[in-house]
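To keep things clear, I will list the structure first and then write my remarks on it.
Readers should treat all values here as calculations from the given coordinates under stated rules, not as data from a laboratory. Bear in mind the structure is a predicted one, so any value in this text is a computation, not a measurement. Neighbour counts run over all protein chains shown; Cβ positions are idealised from the backbone, glycine included.
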Amino acid sequence: EHRGESAGVSFSSFPISEQAILEGIRTVEWPGRLQVIRTDPLILLDGAHNPSGAVALSVYLRQEVDPHRLGQHFMIMGILRDKNIREILSPQIGWADEIVLTRPAIERAADPESLFAVLEGPVRKTIRKTVVEAIEYVESKIKPNDTLVISGSLYTVSEALAYYKGGTLSPVRG
């Protein structure tokens, strides 16, 4: 739904048929946007690096993931310090059983301790210094019916993608 609204605004001035637009939206691959890495357990990457993206992710998780996943919900969050941290974290309260706070390898990243201080509510909070350490921590606990969502920054998501795909980060593109 969020993609559809964005696409509607983007394509409104181009002479493209509605059918072509809808087909493009259905078939587009956008790394780091509701990207499924694994299904058992479900591992999902979504940048959600601003308040509206965080709300859209929260709605998606509650409506599309919850009815089908009976296990625990883990979330790894690494956010840039110049973002509205509280408004990015707060929509995930109530969905996640445990939020692992971390820091992507970029100067602008918020320290996980500062994320920990902002995060309020009934959720287990854990700190891991790097995205890889956070992933390895959750991977050591996760079971087939569980869900892991990695979010908060496109930098965090790109590090997770490199981890799961066995690649390395580009110094230019992440």
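Annotation: aspartates and glutamates with alpha-carbon distance below 18 angstrom to LYS129 (same-chain offsets under eight excluded): GLU98, GLU107, ASP111, GLU113, GLU139, GLU159. How high is the FRET efficiency from GLU136 to ARG69, r the C-beta distance, R0 22 Å, rounded to 0.05? So the FRET efficiency works out to roughly 0.50. The alpha-carbon of LYS125 sits under 23 angstrom from the alpha-carbons of these lysines, leaving out residues fewer than 8 places away in its chain: LYS83, LYS141, LYS143.
Quick check: from the Cα gyration tensor, does the stretch 48-142 come out rounded (a/c under 1.5), prolate or oblate? Judged from the Cα gyration tensor, the stretch 48-142 comes out oblate (a/c at least 1.5, b/c at or above a/b). Sparsely packed loop sites in the stretch 49-154 (the trypsin sites (Lys or Arg not before Pro) outside DSSP H, G, I, E and B with at most 16 other Cβ atoms within 10 Å) comprise ARG69, ARG81, ARG108, LYS129, LYS141. Spin-label model, VAL118 to TYR164: label points 7 Å out along the Cα-to-beta-carbon direction sit 2.4 nm apart. Cβ-Cβ distance of ARG81 and ASP40, R₀ of 41 Å, FRET efficiency by 1/(1 + (r/R0)^6): the value works out to about 0.70.
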